Structure formats: C-alpha cells, structure tokens
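Each value in this text was obtained by applying a stated rule to the coordinates, not by laboratory testing. Small disclaimer: the values here were computed from a predicted structure and weren't measured. In this analysis, Cβ positions are derived from the backbone assuming ideal geometry, glycine residues included, and neighbour counts consider all displayed protein chains.
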Amino acid sequence: MIYAAILAGGKGSRMGSTDVPKQFLELDGKPIIIHTIEKMLMCDRFEKVIIGINPDWKSYCEDLISKHIGDNDKIIVCAGGADRNGTLTNVIDVIDGINGIGDDDIIVTHDAVRPFVTKRIIEDNIDAALKYGACDTVVPATDTIVRSDDGEIISIIPERSRLYQGQTPQSFNIKLLTSSFDALTDEEKATLTDACKILVLKNHPVHLVNGEVLNFKITTISDYQLAKAMLVIK
Amino acid sequence: MISYIYQLIKPKVISVKYKNIDVNNGKVIVRPEYMSICHADGRYYFGLRDAAILRKKLPMALIHECMGRVVYSPDDRFKVGEKVVMIPNAPGEEVSGEYENYRLDSVFSSSGADGFMRELVDLPAERLVSCDGIKPQVAAMTEFVTIPFHAADRFERAVQTGVGKIGIWGDGGLGYLTALVLKHKFPKAKICVIGMDETKLNMFSFVNETYLADKLPEGFRVDHAFECCGGNGSYYAIKQVIDTINPQGTLMLMGVTEDEVPIATRMVLERGLTLVGCSRSGRVDFENAVEFLRDKKALNRVERIISETVEINSIEDIYTSFEKDLVNPFKTVLKWNI
C-alpha cells in the first residue's frame with residue numbers, strides 16, 4: 001500500500017503578528033497545510049494521508065481540516081515527535097497500527113509548508129520508491145555552493161553541475177527505511193538532517209526525482225510574501 | 001489547492017501561473033493526460049494573430065483539445081480514475097434555438113480563457129464526457145472530431161436539395177475528419193475530396209474520389225461543398241466551389257482565416273447558394289463524437305492523422321512540440337507529464 005505523510009511537527013515561528021506555526025498561515029484564503037493536504041488527496045494511489053502535527057496544535061489542525069475539507073476517511077492526524085525523524089516514526093507507527101507494514105509498502109513524506117508540490121512530482125516519487133526503494137526530490141543547484149569549514153574562508157567550491165538542492169517529497173519503502181534507521185549508531189542518528197540520509201549512511205541508493213524550482217519551503221517571511229504574490233499574478 | 005497553469009505570455013514564451021483551485025466549488029477536477037495542438041493554438045504561439053488580439057488575450061494557456069483522468073469528483077456523476085474529454089466551451093445564457101457555441105456570452109478555453117495546458121483543470125460535470133475505453137491519444141482529439149459533427153448537423157438543417165455528391169475542399173486534418181464524419185452520417189452520399197497534396201490525398205482511402213485542385217476533370221460538379229482549408233487557401237477553395245457547385249447547393253464554411261476573403265456574391269445570388277458558417281461545437285457533438293470513436297474502425301481511421309506524439313516533461317518540450325507541429329502533415333499529440 002502507498003501512504004502519504006505530511007510532516008508538520010514544528011512549533012511556532014514568528015512570521016506574522018502572532019506566534020502561529022507557519023503551516024497554518026493563510027495563502028489565498030486557506031491555510032498552507034490545507035493546500036498541501038488537498039494536493040495529496042488528488043492522488044488516488046494513496047491509501048491514507050497521515051499528518052504528523054505538533055501535539056499542541058493537533059486539535060487546531062483537525063478543526064481546520066473539518067472546516068476546509070470536511071469528513072474524509074483517508075485523512076489521519078497524529079501527534080508529531082521531538083524532531084523530523086520522530087514525527088516520521090510516529091506516522092509509521094500509525095500505519096503499522098492500521099494495516100501492519102507490508103514488504104512493498106511505500107511512504108511519501110512531504111513538508112506541510114511546500115504547497116507548490118505538483119501531482120507529477122508526487123506520482124514520480126511513488127513510481128521511483130516502488131522501483132528503487134528510496135528517492136529524493138531535487139532541483140539542480142543554480143547558485144555556486146561554497147563550503148567553508150571554519151566560516152571564515154572557502155575550503156572548497158564543489159563542481160556545480162553535480163550539486164542539487166533537496167526538496168520534498170522524499171519517498172521510501174517503509175521496511176527499508178525502518179530497518180536502515182534501526183541499524184544506525186547513535187552517533188549516526190545524531191547527524192541526521194533528513195530521512196534520505198538514513199539510506200545514504202547505510203549505502204542504499206537513493207534515486208533522484210526532478211522537483212520544481214518553485215516547490216519551495218515557506219520558512220521565512222520573505223518566502224511567505226513570495227508565495228502570496230505568486231497567487232495574485234493574473 | 002495550488003495548481004500550475006502554463007500560459008503563453010508572448011509569442012514563443014510560456015510561463016507558469018499559480019492558481020488556487022477551490023476544491024469545494026462543486027466542480028470535477030481532472031488531470032490532463034493527452035492533448036493535441038490546433039492551428040488556432042499555433043497562431044497564438046507563433047504570434048500570427050493581430051497584435052491587438054494578442055495584447056488582449058495573452059497571457060493565456062493554450063490547447064482546447066484534451067482528455068484526462070478524474071482525480072476528484074464532488075458527486076457520483078464521475079468516478080475517480082475515469083477518463084474524460086473536456087469541453088472547452090463554457091456556454092452563456094441559453095437562448096432558444098441557438099447553439100451553445102454561438103452565444104455571445106459563451107467563453108472558450110484557449111480563446112477567451114485559459115486553455116488546458118494546466119496541472120489540474122476544474123470543470124462543471126456537464127462540461128465533461130466519459131471516454132473510458134477509447135485510446136487516450138485519439139480521445140485527446142475528440143474536440144477536433146466534434147467540429148465536423150457540428151457542421152454535419154447544421155448541413156442537415158440547411159440543405160435544400162438532396163445530399164447527393166459532396167465536395168470537401170482541404171486535404172488536412174479537418175478535411176479528413178469531415179470526410180470521415182460525412183461518410184458516417186450520410187453513407188449514401190458520394191464524397192470527393194479536393195486538395196493540393198497528392199500524398200495527403202492518398203490518406204483518404206474511404207472516400208469515393210480525390211482530386212488535385214488544379215487537375216479537376218472537365219465538367220466536375222458537386223451538389224454541396226465543405227470548405228476545410230482556412231488561411232490563404234480559403235479564397236481559392238471558395239472560388240472553386242462557386243464555380244463547380246450545382247444551383248441551390250450549400251457551402252459550409254469551416255476554415256479559419258485571419259484576412260477577409262472576397263467572395264463572388266454575384267454567382268452566389270445567381271445560383272441561389274446557401275453559405276453556412278461553422279465554428280466550434282457543443283456538448284451534444286462531444287457525445288456523438290465519443291460514441292463514434294467507440295467504433296474500432298472509426299478510431300483506427302482517426303488515429304491515422306496523428307503525425308507524432310511528443311512527451312511533455314518541461315516547458316522546453318512545449319516549445320519543441322509547437323516547432324514540430326509546424327512541419328507535421330497532420331496532428332501533433334502531446335503526452336502531458338508536467
């Protein structure tokens with residue numbers, strides 16, 4: 001079976017006059033997270049769309065879903081964890097509790113604050129995860145990336161043609177993901193910044209799926225202003 | 001939900017517009033899968049329309065020939081996953097006796113509103129016709145097939161003498177489909193096609209006669225005519241029709257021209273001819289066209305006018321598809337992956 005996981009475990013960040021998590025800010029009359037959930041619901045290959053949300057905001061999120069989407073038995077809201085991987089683990093536990101985890105089960109994980117994801121990206125993720133076991137959505141890097149080990153001087157300038165910027169979704173065979181995570185040492189777990197790294201650390205190939213430049217993450221006030229502006233252009 | 005719309009912002013330049021689709025607006029949401037390029041799209045794309053028209057209409061998404069798959073339905077009229085053809089005409093207020101496509105307040109996708117080059121399209125259920133079971137590349141061209149169905153309907157109402165012998169001027173896709181539909185609607189009619197390209201005329205295997213326009217036999221006559229040339233060819237076709245049509249014949253005008261075309265009205269008057277202008281189509285034509293395409297032989301014949309199918313994975317691929325369409329003899333179909 002194929003599942004969508006919308007990761008929204010983060011707490012409030014000051015992006016407006018109130019301290020509301022950014023996934024709840026309105027974009028053209030609708031909270032960002034609702035745009036994202038609706039896009040996931042346009043894919044009928046998903047058995048369930050599970051939203052991992054900060055426990056403090058769980059009932060608020062359920063109210064928003066009820067108001068904007070209504071009853072939908074595909075949607076499950078669960079409490080997120082202490083960090084991104086904790087939230088992902090909670091979502092997988094929910095799946096395990098509903099249907100158990102099958103050998104071919106796939107999870108498509110996506111940031112709640114990337115509402116500009118397209119149906120094509122979602123479908124390509126599912127296909128790649130089914131075929132290869134793991135995939136990451138990327139766009140080619142357009143800026144030159146500079147590495148500095150001390151924050152003072154350039155250590156290295158990697159060749160740009162081999163660099164990509166990671167987006168989401170990131171999609172996995174669930175059993176492959178959990179078994180790889182369990183095999184990590186505590187030191188390795190401490191270095192995790194995203195789920196794909198779990199597979200990379202265990203030397204399992206993670207295939208690339210083409211993203212869209214504007215499938216960006218709304219993290220700053222400028223991102224939010226840009227997202228709003230993008231929807232008013234006639 | 002945010003959806004991507006691929007708009008032509010000026011000739012040969014496409015840019016993405018982002019639109020919030022209200023999922024609760026009672027409309028069906030369709031993911032386009034296959035579409036085909038119409039000459040009208042090409043005229044916008046290459047900037048061949050009048051500059052004032054381009055200024056008024058752009059930015060605008062092109063394409064009005066399209067099929068897709070339902071991804072959301074507010075009720076049970078359509079089911080998720082069902083393949084559908086989209087009707088580009090949003091009819092205005094109903095006027096008794098008037099076809100929906102001629103109402104002054106009707107809006108046509110890719111002319112007065114965004115066409116179907118979109119990530120997702122939301123349409124009222126009555127603007128969709130199920131095409132499950134029909135090869136999707138062919139179903140994409142359904143709108144094109146509706147044009148001769150609509151013209152045949154108008155012809156049937158206009159014709160004053162027996163159907164007899166029908167001449168079709170034009171050996172392109174429109175001429176081909178018009179011949180096919182007329183053969184289907186009027187099996188006893190004698191259909192002859194007049195064109196400029198012998199290779200293209202050879203495609204019309206199912207008609208009674210084909211002729212090169214400059215080699216019409218002495219004494220050639222038709223009872224009625226369908227002009228399917230458009231562009232510069234319209235003038236010569238209409239002139240030849242008027243020279244060869246029998247008295248009280250009906251001339252159906254179907255080809256689109258940018259320039260005004262002089263017509264020998266003296267001969268129109270003398271022969272008592274009826275000239276009928278035909279453009280676009282309505283829901284009933286879509287239902288008839290889909291039914292027609294369910295016949296395997298008809299589908300096979302329509303499929304023959306697909307010159308090329310182009311995979312669209314990027315905006316660059318859209319540019320390539322229009323360049324290819326310029327040189328393709330018949331239709332360019334797009335597999336819409338973006």
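See the values below:
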quantity: Average other protein chain Cβ within 10 Å of Cβ, residues A:42-48; calculated: 3
quantity: Burial ordering of B:I2, A:I6, fewest other beta-carbon atoms within 10 Å first; calculated: B:I2, A:I6
quantity: Mean separation of Cα contacts under 8 Å (6+ apart) over length of segment B:146-277, as relative contact order %; calculated: 25 percent
quantity: Reachable lysines from A:K58, criterion Cα separation under 24 angstrom, eight or more residues apart if same chain; calculated: A:K11, A:K22, A:K30, A:K39, A:K48, A:K67, A:K74, A:K217
quantity: Cα-projected label distance for B:F220 with A:I153, points at 7 Å along beta-carbon direction, nm; calculated: 8.5 nm
quantity: Residue-count net charge about A:A190 - beta-carbon cut-off 13 Å; Lys, Arg +1, Asp, Glu -1; calculated: -2
quantity: For segment A:2-229, Kirkwood radius (reciprocal of mean inverse C-alpha pair distance, Å); calculated: 18.3 Å
quantity: Residue mean of other protein chain beta carbons inside 10 Å, B:1-10; calculated: 4
quantity: Chain A, relative contact order in percent, only Cα pairs under 8 angstrom and at least six apart counted; calculated: 22 percent
quantity: Reach of A:K189 by Cα under 16 Å, taken over lysines that are not fewer than 8 positions away in the same chain; calculated: A:K197, A:K202
quantity: In segment B:146-277, lysine pairs with alpha-carbon atoms under 21 angstrom apart (chain gap of 8 or more, or interchain); calculated: 11
quantity: A:C196, B:C66 arranged by Cβ crowding within 10 Å, fewest neighbours leading; calculated: A:C196, B:C66
quantity: Within a Gaussian network of chain A (alpha carbon springs, distance under 10 Å), most fluctuating of A:E159, A:E47, A:E38; calculated: A:E159
quantity: Rounded, prolate or oblate (a/c below 1.5 giving rounded, otherwise prolate when a/b exceeds b/c) for chain B by Cα gyration tensor; calculated: prolate
quantity: Relative packing of peptides B:115-128, B:217-230 - highest average C-beta neighbours within 10 Å first; calculated: B:115-128, B:217-230
quantity: Quotient of Cα Rg and 2.2 N^0.38 Å for the protein assembly as shown, N being how many residues it contains; calculated: 1.16
quantity: Candidate aspartates and glutamates - alpha carbon under 19 Å from B:K56, same-chain residues fewer than 8 apart omitted; calculated: B:D41, B:D105, B:D114, B:E258, B:D259
quantity: Chain B - percent relative contact order, Cα under 8 Å, separation 6 or more; calculated: 17 percent
quantity: 10 Å Cβ neighbours from other chains, averaged over peptide A:111-122; calculated: 3
quantity: Between helix B:233-244 and chain B: long-axis angle, C-alpha atoms, 0 to 90°, nearest 10; calculated: 30 degrees
quantity: Acute angle (nearest 10 degrees) that the helix B:173-185 long axis makes with the longest principal axis of chain B, alpha-carbon atoms; calculated: 70 degrees
quantity: Entries in B:K19/B:K57; A:K131/A:K228; A:K131/B:K12 that, when Cα-Cα distance is taken, lie over 28 Å; calculated: A:K131/A:K228; A:K131/B:K12
quantity: Residue exposure sequence - B:S307, A:S222 - by fewest surrounding Cβ within 10 Å; calculated: A:S222, B:S307
quantity: Amide proton proximity set for A:A141, modelled H, under 5 Å, gap of 5+; calculated: A:L163, A:Y164, A:Q165
